[in-house]
Amino acid sequence: MNKALVLLFLFFIGSLIGWVIELFFRRFCSPNGRTTKKWVNPGFLVGPYLPLYGSGLCVLYMLASINLSFLDEHPIIEKIVLFVFMAIAMTVIEYITGLIFIKGMNVKLWDYTDRWGNIQGIICPLFSFFWAVLGATYYLLIHPHVLSALDWLSRNLAFSFFIGFFYGVFLIDIVYSFNLIVKIRKLAAEYEIVVKIDELKQHLLEEAELRKEKSHFFLAMKNARPLREIFEDSLEKYSIKKILKEKKKK
């Protein structure tokens, strides 16, 4: 089967599963979620998918196919090395993604600032360990089923229509969401802040409840008030001060 179709299928599945994982993790495991007891749509896109996990699943799939024959006499060491590679790869993806949004968009998709050993609040040892666990879970429990699914897909190429439908919706979502992110970026740059996107969504949901307005889980950013007005009211609830480094004039 065409490798591109395989990776498109894996990205599709990984993005959906990752969204479900983050949805429940942020609701029941994060301090903010346990305090507010609110469901917040994770990520910056509107729909139920997270590209970080989609990219991660593609990487895990390729790493699971690595030949570590030089460690054949030590199968346990072979698996440990593989899981370490997976954790490193996922951590690198996480760091690059987080950095792009912070530096390029003035938006923070997640925040590990309070975690030990964190780097710029983007990555930390604890979540690198979680990536290793996730990689091990994928390799031991999911990868064989992925191979079976790919075999089924190769014999039922009509299913590629649904994959195409997903990417059509996905691209529309990207255009819509990036248009919104650009507006947030302009205001964030003006106020010299970095916006924590999940906290902003939560604030808007809470505000809708107080005003007895209809809240939108997927369209959490949809609000009757202008975005600038929302920024001026309560920046401290969902932003951090941006550190600006100015070059000294000689």
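Extension gain for K214 to F161 (0.36 nm times residue separation, less C-alpha to C-alpha distance): 15.6 nm.
Here the spin labels are modelled as points 7 Å beyond Cα on the Cα-Cβ line, and at T137 and W152 they lie 2.1 nm apart.
Ranked by the mean number of other Cβ atoms within 10 Å of their residues, highest first, the peptides 46-57, 210-221 come out as 46-57, 210-221.
Which helices, counted as full DSSP H runs in the chain, have an axial Cα extent of no less than 15 Å and a Kyte-Doolittle average of 1.0 or above? Qualifying helices, which must be both long enough and hydrophobic enough, are 3-28, 51-64, 75-105, 125-137, 160-191. Computed on the chain, with alpha-carbon pairs under 8 angstrom and 6+ residues apart, the relative contact order is 21 percent. Classify segment 3-177 as rounded, prolate or oblate from the Cα gyration tensor: take a ≥ b ≥ c as the square roots of its eigenvalues, call it rounded if a/c is under 1.5, otherwise prolate when a/b beats b/c and oblate if not. Oblate, because a/c is 1.5 or more while a/b does not exceed b/c. Note on segment 3-177: dipole from Cβ charges, positive end direction compared against F11, N156, N41; the farthest Cα belongs to N41. Here the calculated FRET efficiency for F178 and C29, from their Cβ-Cβ distance with R0 = 30 Å, stands at 0.55, rounded to the nearest 0.05.
Using just its DSSP H runs of length 4 or more, each adding -39500 (n - 2.57), the chain gives a mean residue ellipticity at 222 nm of -21000 deg cm²/dmol after division by all residues.
Our estimate of slack between H74 and R225, defined as 0.36 nm per intervening residue step minus the Cα-Cα distance, is 48.2 nm. Note on L5 and L126: with the Förster distance fixed at 35 Å, the Cβ-Cβ geometry gives a FRET efficiency of about 0.45. Packing order of peptides 198-205, 59-66, 75-82, highest average first: 198-205, 59-66, 75-82 (average count of other Cβ atoms within 10 Å over each peptide's residues). Name the shape class, rounded, prolate or oblate, that the alpha-carbon gyration tensor gives for segment 1-69, where a ≥ b ≥ c are the square roots of its eigenvalues, rounded holds for a/c under 1.5, and otherwise prolate holds if a/b is larger than b/c and oblate otherwise. In terms of gyration-tensor shape, oblate.
Since every read-out is calculated from the coordinates, none of them should be taken as a lab result. Since we're looking at a predicted model, the values are computed, not measured. Positions of Cβ are backbone-derived with ideal geometry, glycine not excepted, and every protein chain shown enters the neighbour counts.
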